[in-house]
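Visitor: Dropping a structure here in structure tokens format, bear with me for questions.
The values are calculated or read from the model by the stated rules, or taken from the named source; none is laboratory data. None of the values given here were measured: they were computed from a predicted structure. Cβ placement follows ideal geometry from the backbone for every residue including glycine, while neighbour counts extend to all protein chains displayed.
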């Protein structure tokens, strides 16, 4: 089966990377420097005054070579593999879709992704955004973590104040996220996600009962891991777990970006 990535991926790549020269460079004081003044990405991870790892900073998901069978106009420009396919690290027998989910997934593949949300200027949603090719900024406080995403200039709130997850929520693209520290890992529980969102560019679907568990780990000053578990018995026979990695986008910052102001692909959809 030949797999195609949605056209919006190409739009994001063309618009995103070229814009960041517009910010004046300002040193990120949370990251130590080498003798040449470059960020020391291998230094120990910074910590907050309460002793927890400080996840704050601007992060860019790590890219991978384009997998065989994926067609893009950007040739071999690296894309995060979990942006394309959340099951990229799993064997086929480890991923069993329920019949309706398998049928919908196949339909999305056959349509070459042109009906994906982001191909039509809707948000990428959670957890897709953590693997998207544009940067995001984490702002950490003792009772609230805010994630600002450059893709469509959307934000996400993770509450650490002990509140319970919302029951019977109105479904949203970002859902409702609560978190707590487990040692040096921030564990985030997200529910209330709209079925309109896709889990990746290939179009893995989900139900409105989806529960996303993320474990944020800052390995050192320059590297972040987000272990993500997709728990949705209505769409998958067993949970799917994968890990997204990101590198500090040191000395740079986010810019405003709206798909609706930059989208040039839909006129070519067939």
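Each row is one residue, and each column tells you yes or no for (1) more than 28 Å from residue 105 (Cβ to Cβ); (2) part of a strand (DSSP E or B).
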site: 224; (1), (2): yes, yes
site: 241; (1), (2): no, yes
site: 246; (1), (2): no, yes
site: 261; (1), (2): yes, no
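Visitor: Separate question: What is the one condition in (1) farther than 28 Å from residue 257 by Cα; (2) in a helix (DSSP H, G or I) that residue 109 does not satisfy?
Guide: (1)
Visitor: Hey, another quick one. Need pairs with beta-carbon distance below 7 Å; first residue touching a residue at least 24 places away in the same chain (Cβ under 8 Å) and within segment 105-117, second buried (at least 19 other Cβ atoms within 10 Å of the Cβ) and in a helix (DSSP H, G or I); sequence gap 6+ or separate chains.
Guide: Pairs that qualify, where the first residue is touching a residue at least 24 places away in the same chain (Cβ under 8 Å) and the partner is buried (at least 19 other Cβ atoms within 10 Å of the Cβ) and in a helix (DSSP H, G or I), are 113/7; 113/119; 114/7; 116/8.
Visitor: Take residue 253 and tell me if it is in contact with a helix residue (DSSP H, G or I) (Cβ under 9 Å, 6 or more places away or on another chain), surrounded by 16 or more Cβ atoms within 10 Å (Cβ to Cβ) and free of Cβ contacts under 8 Å to residues at least 60 places away in the same chain.
Guide: When the stated conditions are applied, residue 253 does not pass them.
Visitor: Can you tell which of 126, 187 is surrounded by 18 or more Cβ atoms within 10 Å (Cβ to Cβ), closer than 16 Å to residue 211 by Cα and at pLDDT 95 or above?
Guide: When all the criteria are applied, what remains is 126.
Visitor: Can I ask one more? Considering only segment 47-79, how many residues are in a loop (DSSP other than H, G, I, E, B), surrounded by 15 or more Cβ atoms within 10 Å (Cβ to Cβ) and either out of contact with any strand residue (DSSP E or B) (no Cβ under 9 Å at 6 or more places or on another chain) or modelled with pLDDT of 95 or more (or both)?
Guide: Looking only at that region, the number is 6.
Visitor: Counting just the residues of segment 204-222 that are in contact with a strand residue (DSSP E or B) (Cβ under 6 Å, 6 or more places away or on another chain) and in a loop (DSSP other than H, G, I, E, B), which one comes out surrounded by the fewest Cβ atoms within 10 Å (Cβ to Cβ)?
Guide: Checking each candidate, the answer is 222.
Visitor: Follow-up. Check off (1) closer than 30 Å to residue 34 by Cβ; (2) more than 15 Å from the chain's Cα centre (by Cα); (3) crowded, with 18+ Cβ neighbours inside 10 Å for residue 244 and give me the number that stays unchecked.
Guide: If we test residue 244 against (1) closer than 30 Å to residue 34 by Cβ; (2) more than 15 Å from the chain's Cα centre (by Cα); (3) crowded, with 18+ Cβ neighbours inside 10 Å, just (2) comes out false.
Visitor: Answer yes or no as to whether residue 230 is surrounded by fewer than 19 Cβ atoms within 10 Å (Cβ to Cβ) and part of a strand (DSSP E or B). Steps first, please.
Guide: On the way: surrounded by fewer than 19 Cβ atoms within 10 Å (Cβ to Cβ): no; part of a strand (DSSP E or B): yes.
The answer is no for residue 230.
Visitor: For segment 121-203, list the strands (runs of 3 or more DSSP E) that sit wholly inside it and hold at least 2 residues that are in contact with a strand residue (DSSP E or B) (Cβ under 9 Å, 6 or more places away or on another chain), in contact (Cβ under 8 Å) with a residue 60 or more places away in the chain and within 17 Å of residue 216 (Cβ to Cβ); which are they?
Guide: On the way: elements: 136-140, 144-149, 154-159, 176-182, 185-191.
Where strands (runs of 3 or more DSSP E) fall fully within segment 121-203 and carry at least 2 residues being in contact with a strand residue (DSSP E or B) (Cβ under 9 Å, 6 or more places away or on another chain), in contact (Cβ under 8 Å) with a residue 60 or more places away in the chain and within 17 Å of residue 216 (Cβ to Cβ), they are 136-140, 144-149, 185-191.
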